[in-house]
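Accompanying notes for the structure given below.
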Amino acid sequence: MTSILQIAVPCPLRQLFDYLSEEPENHWQAGMRVRINFANRSCIGIVIKARDVTNDIDTRKLKAIDEKLDDQALIPEEILQTVLWVSRYYHHPLGECFQAALPKQLRKGETSDLQLENWWFKTDQQSNKKLGTKQQACIDFLNDYPDGISQAAMKAHLGTVLSSLKALEQKNLVKQEPFPKLPIAQVELSVPFELNNKQKTVIEAVWQKKAQFQPFLLEGITGSGKTEVYTELTEKIIAEGKQVLILIPEIGLTGQFVDRFKKRLNTNIVVLNSAVSDGDRKQGWLLAKRGLAKVIIGTRSAVFTPLPDAGLIIIDEEHDASYKQQDGLKYHARNVALIRAQKRGIPVLMGSATPSLESLYQVEQQRYQLLQLKQRAGGAALPKVQLIDSNAAHPDHGLSQLLLKNMHQHLNAGNQVILFINRRGYAPVLMCHDCGWQAKCQHCDARMVVHQQRNILFCHHCGFIQRLLEACPECESKQLKSYGAGTEKIEQVLQKLFPDTAVVRVDRDTTQRVNAFNDIVADIKQGQARILVGTQMLAKGHDFHDVTLVGVLDTDQGLYSADFRATENLAQMITQVTGRAGRGDKKGEVIIQSQQPQHPFWESLIQQGYKKTAQDLLQERIDMAMPPVSNWAVIRAEAQERHQAMDFLQAVTSILHSTQQQHVLILGPVPAIMEKKGGRFRAQLLLTCQQRKPLHQLLDQHIQAIGSHKLARKLRWSIDIDPMDLL
């Protein structure tokens, strides 16, 4: 008997597509993959429903599937329901949502079989003859591993021993069995960390709610030992046979997390992020799906990992904007994690030294339970913070005399220094001294940034690159000068000012090579790098015990940005980066340079701390009925012609206004603040509502009409629910 399959196809259309199968309905499960021909291309679809063909159904216009790829559902029911929720909540095509939820190799239709590797075990048989040196070494080694060990691990410890193992196998002294390959080898465990009373209180609070859904916000100052809380809770959860998902905001934090968890936990850990090979991502996903991986550490997309034995979800640095996907499916990993935890009836622990205003508001509404760590672990003191006027700093590189003097003092004492400037490249402006011409991107409303080492001008918004000019294109003057400073220029200046001191730059340009960031972190921890110059990659979660001075340069743009979250983000960034100082036994010091030292923001943050600043900002948002108090959605459009994006959004406005409703306020359309980006003109329409439901109902009601409008085919458009910015 044939059946009709309803299939989610990776395409921008918001609907399912019917295909024929020669197998009956009971041979199909939701979550299976099929290979189909869609719009004259071969692609992989996900089966959502199946029904048998009856006599009253005309199937002549239906295509048949090309191939059935799974004998049973690849995507578990819980993940299937999560993706369906994501598609509904973020108003995004279902087929594209599945693309975000699956590893690349499974998206492309590869087999869902686990990779296997050989494990060796010692048998009960005893040898009555003297063994060779290598063979005896293998036996002695296996004596320490009664539960067996992988061939790869044996090679790492003993070198090439395969021929010796084969010879021992022929004598019945050892045996081999295939086991699923583990991407991360287990290591020798170290001594457990000694927890303080505050950490124990936090752990106990979460442990009491281990069998129910409860969001916890762990507000712990920098260096208070949040990671030790995570590891202790993880150990307790996996001891009960459960799995733990740990989300981290940056790939750069992975090495530190994996290292700490490996040293504490005798369990299978997998890492899921874009730096991991496609094969290892698929293997890690499948290990988690089968319950063989107990700890899953990953960035944003890891939130879709199957967890048959889910016990706890941990979100580190929960405030971090990188948990929100900014293109394609614009989901927020924190929201998806909370939905998954709610469905599974397990707790969620969200940690941060600088909680987002969204989470602080949820605490105020008594939806999250607040836990606090107010002291640094091990008795370390918070650094002394000093704000100085940068108007008197050196005009070329922006480093003040006081900062340079203090750098000498800390370096002479054998310590390390971090200089933080959230701008990569050599200089943000290239200008003609004679006619005033400035280097601007041909494709964006933005200046080109000078990258002197690569001898290029680079647009950080669209990626356009051109050779560094020697003469002005307007007046042909050779008097081209760069203004301002980025990480590259600061690095060069410091190498001249401190010729005998190792200076290391940490930004996206220096960490592109695989494992480059981990190598830099290793150099920092071993003390080989003495001065660290970096962007916010250095600000997040790293534990450098010899850093005693942090200098913060040029952060004033955060005080006057058009982005409504800019002040919150600045407060978080400053608090995070200053928290890198004095984390060990040595006292720390922070010097912040600002051209606006009298600005009330600085007094609030430095004198009263992040918590007070955040409370004031939250009250402002409440007074102005802005997120997190109200709910926002932005409909964005971008087109080759300036008028097209605005015309389309005007049409969308008319469609939305065709419904008589009073709850949703529709503002715009207006051009984006950076109107031209990547050669396309951008505009946006803002929808705001005090309640979430009317906003989503209005979008649901009209999304088909918007998508089928004649202008929709001539441009790109998208819906952004709970936008992080309006830039």
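The values are calculated or read from the model by the stated rules, or taken from the named source; none is laboratory data. For clarity, every value in this text was computed on a predicted model and none was experimentally measured. Ideal geometry is used to build each Cβ from the backbone, glycine not excepted, and the neighbour counts take in all protein chains shown.
Is it fair to say Val385 is in contact with a helix residue (DSSP H, G or I) (Cβ under 8 Å, 6 or more places away or on another chain) and modelled with pLDDT under 95?
Working: in contact with a helix residue (DSSP H, G or I) (Cβ under 8 Å, 6 or more places away or on another chain): yes; modelled with pLDDT under 95: yes.
For Val385, the condition - in contact with a helix residue (DSSP H, G or I) (Cβ under 8 Å, 6 or more places away or on another chain) and modelled with pLDDT under 95 - is met.
Would it be correct to say that Ala167 is within 27 Å of Gly284 (Cβ to Cβ) and either in a helix (DSSP H, G or I) or among the β-branched types (Val, Ile, Thr) (or both)?
No; evaluated as a whole, the condition is false for this residue.
Any residue in segment 106-115 that is of a type outside the set (Ser, Thr, Tyr), in a helix (DSSP H, G or I) and touching a residue at least 40 places away in the same chain (Cβ under 8 Å)?
The answer is yes; a qualifying residue exists.
Only one of Lys108, Lys175, Lys155, Lys130 is surrounded by fewer than 17 Cβ atoms within 10 Å (Cβ to Cβ), of a type outside the set (A, V, I, L, M, F, W, C) and touching a Ser or Thr at 6+ places or on another chain (Cβ under 6 Å); which?
Every option except Lys175 fails the conditions.
Can you tell me which residue is nearest to Gln401 (Cα to Cα) among those in segment 512-523 that are part of a loop (DSSP other than H, G, I, E, B) and of a type outside the set (Val, Ile, Thr)? Steps first, answer last, please.
Just the residues of segment 512-523 that are part of a loop (DSSP other than H, G, I, E, B), to begin with: 512-515.
With of a type outside the set (Val, Ile, Thr) added as a condition, the list becomes 512-513, 515.
On the way: Gln512: 33, Arg513: 35, Asn515: 36 Å.
So the residue we want is Gln512.
Which numbered condition in (1) of a type outside the set (Lys, Arg); (2) closer than 21 Å to Ala529 by Cα; (3) in contact with a helix residue (DSSP H, G or I) (Cβ under 7 Å, 6 or more places away or on another chain) is the only one that Tyr361 fails?
So the condition that Tyr361 fails would be (2).
State whether one or more residues within segment 641-655 are free of Cβ contacts under 8 Å to residues at least 40 places away in the same chain and touching a Cys at 6+ places or on another chain (Cβ under 7 Å).
Among the residues of segment 641-655, not one is free of Cβ contacts under 8 Å to residues at least 40 places away in the same chain and touching a Cys at 6+ places or on another chain (Cβ under 7 Å), which makes the answer no.
Would you confirm, using the coordinates I've provided, whether Ile238 is in a helix (DSSP H, G or I) and within 14 Å of Ile297 (Cβ to Cβ)?
yes
Examine segment 35-44 for a residue that is in a loop (DSSP other than H, G, I, E, B), touching a Gly at 6+ places or on another chain (Cβ under 9 Å) and surrounded by 17 or more Cβ atoms within 10 Å (Cβ to Cβ), and state whether such a residue exists.
No, segment 35-44 has no match at all.
Inspect all residues belonging to segment 391-400 and state whether any of them is small (Gly, Ala, Ser), surrounded by fewer than 22 Cβ atoms within 10 Å (Cβ to Cβ) and part of a helix (DSSP H, G or I).
Yes.
Starting from segment 444-472, keep only residues that are in a loop (DSSP other than H, G, I, E, B), then list their pairs with residues that are aromatic (Phe, Trp, Tyr) whose Cβ atoms are within a distance under 6 Å, requiring at least 6 positions of separation or different chains.
Filtered contacts from segment 444-472: Gln452/Tyr426; Cys472/Trp437.
Of all residues in segment 611-656, which are buried (at least 20 other Cβ atoms within 10 Å of the Cβ) and among the acidic types (Asp, Glu)?
Residue satisfying the conditions is Glu638 alone.
Name the residue that is farthest from Leu403 (Cα to Cα), counting only residues in segment 476-503 that are buried (at least 18 other Cβ atoms within 10 Å of the Cβ) and in contact with a helix residue (DSSP H, G or I) (Cβ under 9 Å, 6 or more places away or on another chain).
Within segment 476-503, the match that is farthest from Leu403 (Cα to Cα) is Ser482.
Pick from segment 247-281 the residues that are basic (Lys, Arg) and touching a Pro at 6+ places or on another chain (Cβ under 8 Å): which of them is surrounded by the most Cβ atoms within 10 Å (Cβ to Cβ)?
Step by step, filter segment 247-281, then rank; the result is Arg281.
Before we move on, is Cys97 within 29 Å of Cys43 (Cα to Cα) and outside the structural domain of Gly284 (by TED's automatic domain parsing)?
The answer is yes for Cys97.
Mind checking which residues of segment 524-545 are over 14 Å from Gln256 (Cβ atoms) and not in a loop (DSSP other than H, G, I, E, B)?
Once the filter is applied, which keeps residues that are over 14 Å from Gln256 (Cβ atoms) and not in a loop (DSSP other than H, G, I, E, B), segment 524-545 yields Ile531, Leu532, Val533, Gly534, Gln536.
Of all residues in segment 127-145 being at pLDDT 85 or above and not in a helix (DSSP H, G or I), which is nearest to Lys289 (Cα to Cα)?
Residue satisfying both the conditions and the ranking: Tyr145.
Given the criterion of a type outside the set (Lys, Arg), in the same structural domain as Leu404 (by TED's automatic domain parsing) and under 36 Å from the mean Cα position of the chain (by Cα), identify the matching residue among Leu457, Leu468, Leu494.
Leu494
Exactly one condition in (1) in contact (Cβ under 8 Å) with a residue 60 or more places away in the chain; (2) crowded, with 21+ Cβ neighbours inside 10 Å; (3) in contact with a helix residue (DSSP H, G or I) (Cβ under 7 Å, 6 or more places away or on another chain) is not met by Glu317; state its number.
Result: Glu317 passes all but (3).
Among (1) in the same structural domain as Glu358 (by TED's automatic domain parsing); (2) in contact with a helix residue (DSSP H, G or I) (Cβ under 9 Å, 6 or more places away or on another chain); (3) farther than 22 Å from Gln283 by Cα, where does Pro192 come up short?
(1)
Given the criterion of a type outside the set (Phe, Trp, Tyr), closer than 16 Å to Ala101 by Cβ and in the same structural domain as Thr267 (by TED's automatic domain parsing), identify the matching residue among Arg334, Arg340.
Arg340
Residue by residue, here is whether (1) buried (at least 17 other Cβ atoms within 10 Å of the Cβ); (2) in contact (Cβ under 8 Å) with a residue 60 or more places away in the chain; (3) not assigned by TED's automatic domain parsing to the domain that holds Leu286 holds:
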| site | (1), (2), (3) |
| --- | --- |
| Ala50 | yes, no, yes |
| Thr54 | no, no, yes |
| Asp58 | no, no, yes |
| Ile65 | yes, yes, yes |
| Glu77 | no, no, yes |
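Tell me whether segment 532-542 contains one or more residues that are touching a residue at least 60 places away in the same chain (Cβ under 8 Å), out of contact with any Pro (no Cβ under 8 Å at 6 or more places or on another chain), among the small types (Gly, Ala, Ser) and under 19 Å from Asn412 (Cβ atoms).
no
Does segment 213-225 contain any residue that is farther than 23 Å from Arg340 by Cα and modelled with pLDDT of 95 or more?
No, that holds for no residue.
Just checking, how many residues over segment 473-484 are of a type in the set (Lys, Arg) and assigned to a loop (DSSP other than H, G, I, E, B)?
Step one: of segment 473-484, the residues of a type in the set (Lys, Arg) are 478, 481.
Retained after the next criterion (residues that are assigned to a loop (DSSP other than H, G, I, E, B)): 478.
The total comes to 1.
For segment 328-370, give me each residue that is under 16 Å from the mean Cα position of the chain (by Cα) and of a type in the set (Gly, Ala, Ser).
If the condition is that a residue be under 16 Å from the mean Cα position of the chain (by Cα) and of a type in the set (Gly, Ala, Ser), then Gly328, Ala333, Ala337, Gly351, Ser352, Ser356 are the ones that fit.
Of the residues Leu553, Leu559, which single one is surrounded by fewer than 21 Cβ atoms within 10 Å (Cβ to Cβ), among the hydrophobic types (A, V, I, L, M, F, W, C) and closer than 26 Å to Leu404 by Cβ?
Within the list Leu553, Leu559, the selection yields Leu559.
Pairs needed: first member in segment 494-514, in contact (Cβ under 8 Å) with a residue 12 or more places away in the chain; second member anywhere, of a type in the set (Gly, Ala, Ser) and part of a helix (DSSP H, G or I); C-beta distance under 8 Å; at least 6 residues apart or different chains.
These pairs meet every condition: Thr511/Gly252.
Checking the conditions here, which among Ile592, Ile655 is closer than 30 Å to Gln401 by Cα and not hydroxyl-bearing (Ser, Thr, Tyr)? Please lay out each step first, then the result.
Details: Ile655 fails: closer than 30 Å to Gln401 by Cα.
None of the others qualify; the one that does is Ile592.
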